Amino acid sequence: MAQRDDPETIGRRVHRLRLQRGLTQRQLAEPSYTPAYVSTLEAGRVRPSDEALHHLADRLGVAFDELATGRPAHLATDLRLRLTGAQRTLADGAAEEAAGQYAGLLDEAVAHGLVEEQATARLGLGECGLATGDLVAAREHFEHAERILAEASLPARVPARRGRAVAHYLAGELRYAVYLLESTLDELNLAGLHDPDALLLLYTAVIAPYMDMGAQARAAQAAELALALAPRAEDPALIARMHRSVARTLLAEGRIAEADASLGKAAEMYRQLEIRTELANCRWMRGYVYAQNGELALAEEELRAARAMLTSHRASLYSSQVSVELADVLHRRGRSEEAAELLHGVLGGLSPERGAVHAAAAHRLLGIIAEDAGDTAAAEEQYVRALGLLERAGAAGDLADLCRLLGDLLRRTGRVEAALDAYRTGLGHRTAGTTTLGPAPAQPPLQ
């Protein structure tokens, strides 16, 4: 129940409503109370009990909450319905429009002291920030939502914690993102708070940073736990997102057919739920699957479709990331100039603070294109830029591969000692994904 107003405010409200209805203090009081009690209450000198407020609300023809808090009847219900509408707007891909809706609803929730609705609006604004690539604003909204819910149970705070982690992950802060997710998993499991939706949300979110850090074993374990939790979860959109994330671990294990099947499940669920932004992400991932399987024409088709959908939704960060994947396919199809032009076009929208891993992938691919063209100096410059971005992000798996590329380039140009240094660095990064994460988080009981 929401906190009621102070006695003076309630007294003034009772007085105003009584006069509006043309009632005397005796008519309002009887048969349960005295006129003197009503007079004392209207003067703000007594704190009315719930029983007294229910009596007065009935006589005045208003809801109990309206008399106790001043909020119009059904305000919270109406606000929640409109928050659902804003969520639907975001699902349709109109993130900027949804942000405007959420901001207005947040103002209303604050004005009427509706705490849960404030948190929901903040979470929505955070998701809008992720969609548009405004990661600083997204993180601030998620942090604010978590503060609003400070007294709530940990499962209720998980969406805000997960949002913070995703914002840090997209900003290239992989290790901190993993810390947030793993520490929350530990808190839930060690406290016996085995909420299926909360756990599934966290295990699904941690897969991508694990993969980028080269911790494939951790990613595979998280995927297995997510799959085991899915039958007990209630949110179909969350289950669909899980299938999309699990596909990445299946790809890493060479299980391409299973990855494609997992993406098919996710896409079908998103179609049924009419979540267009996630459908675009499914096409993006399916393009990646085709590319890994050597089906480059199909990969290009899927990636172009995903890029067009995300661009129309003004999801600039995600569309830039898809463009990097598309450029790789174009290069592999012998269209290197087109690929390089695409990469130069998107690098302005990526940075160490915004899509660092994909910015590094763009520089890596530009290095490969330059090396194929015989421009070793330009290739080395691009590789070094990519190394700087990946080192800052802690993306150990990609760092190891890049060190190999740089080492090969240095060896071919006669710099053997420098090449050996690059190879040694790569070997060090190859093990970093499993030796620097610390103990794995506690696991939930799955029986």
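The Cα atoms of the range 74-152 give a gyration tensor whose axes a ≥ b ≥ c have a/c of 1.5 or more with a/b no greater than b/c, which makes the shape oblate.
With a simple spin-label model that places each label point 7 Å from the Cα along the Cα-to-Cβ direction, the separation between residue 237 and residue 107 comes to 2.4 nm.
With neighbours defined as other Cβ atoms within 10 Å of a residue's Cβ, the residues 289, 158 order from fewest to most as 289, 158. Cβ crowding within 10 Å, taken as a proxy for footprinting-reagent exposure, orders 105, 53 from fewest neighbours to most as 53, 105.
Evaluating 6.51 cos²θ - 1.76 cosθ + 1.60 at θ = phi - 60° for every residue in the range 216-223, the Karplus couplings come out as 4, 5, 5, 4, 5, 5, 4, 5 Hz, glycine and proline recorded as x. Summarising the overall dimensions of the chain from its C-alpha atoms, the Rg and Dmax are 27.9, 102 angstrom.
Residues 142, 64 in ascending order of nearby Cβ atoms (within 10 Å, fewest first): 64, 142. Using R0 = 60 Å, the C-beta based FRET efficiency linking residue 50 and residue 341 works out to 0.30.
Expected output is a single nm value to one decimal: the length gained when fully extending between residue 43 and residue 23, i.e. 0.36 nm times separation in residues minus the C-alpha distance. What is it?
Gain in length upon complete extension: 5.5 nm.
Extending 7 Å from Cα along the Cβ direction at residue 30 and again at residue 384 yields two label points whose distance is 9.5 nm.
Note on residue 150 and residue 64: their simple-model spin labels are 2.9 nm apart, each label 7 Å out from Cα toward Cβ.
No lab work stands behind these numbers, since they all come straight from the coordinates. Keep in mind that this is a model prediction, so the values were computed, not measured. Please note: Cβ atoms are built from the backbone with ideal geometry, for glycine as well, and neighbour counts cover all protein chains shown.
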